[in-house]
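Read through the structure below, which is laid out as structure tokens, and then see the notes.
Please treat every number below as a calculation from the coordinates, not as lab data. Quantities reported herein were computed from a predicted structural model and do not represent experimental measurements.
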Amino acid sequence: MTLFVLLAGAAGAQAQTGVDGQVPPALRNRSAAPPPAAGTALRAQALDKLEAQFRAADRDGNGSLTPDEAKGFGFVARHFDEIDAGRRGAVGFDDLRAYLARAKAGQEANRRPE
């Protein structure tokens, strides 16, 4: 009888406070996180992150990467010659964006049925 009273009292205390004993404290009453970005917002976030990585690799701060600086940004280092379409020996962020647009257009062309 005593055990039943203790269990009933504990259940009543949980019901009053609205706390589920099975949910870890870190997950209780969490505010709803905003939904993840999609579409245009996601592309903008990706470009912002890409530009931040580009700027971090640009050690001299001149707005372009030499082959040596590109070593700090692996993707640019691997594709440097394709990105440097003007054969200037350095690539700017606009060159990188143009390369990505060309690569995307090429992928889309390869997907289209003939």
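Given H placed on each backbone N at 1.01 Å, which residues far from Gly92 in sequence or on other chains put an amide H within less than 5 Å of it?
Long-range HN contacts for Gly92: Leu65.
Which whole number of Å³ per residue matches the convex hull of the alpha-carbon atoms in the stretch 48-106?
77 Å³
What are the ³J(HN,Hα) values, in whole Hz, obtained from phi via the Karplus relation 6.51 cos²θ - 1.76 cosθ + 1.60 with θ = phi - 60°, for each residue of the stretch 78-84 in sequence order, with x given for Gly and Pro?
Once rounded to whole Hz, the list reads 5, 10, 3, 5, 6, 5, 7.
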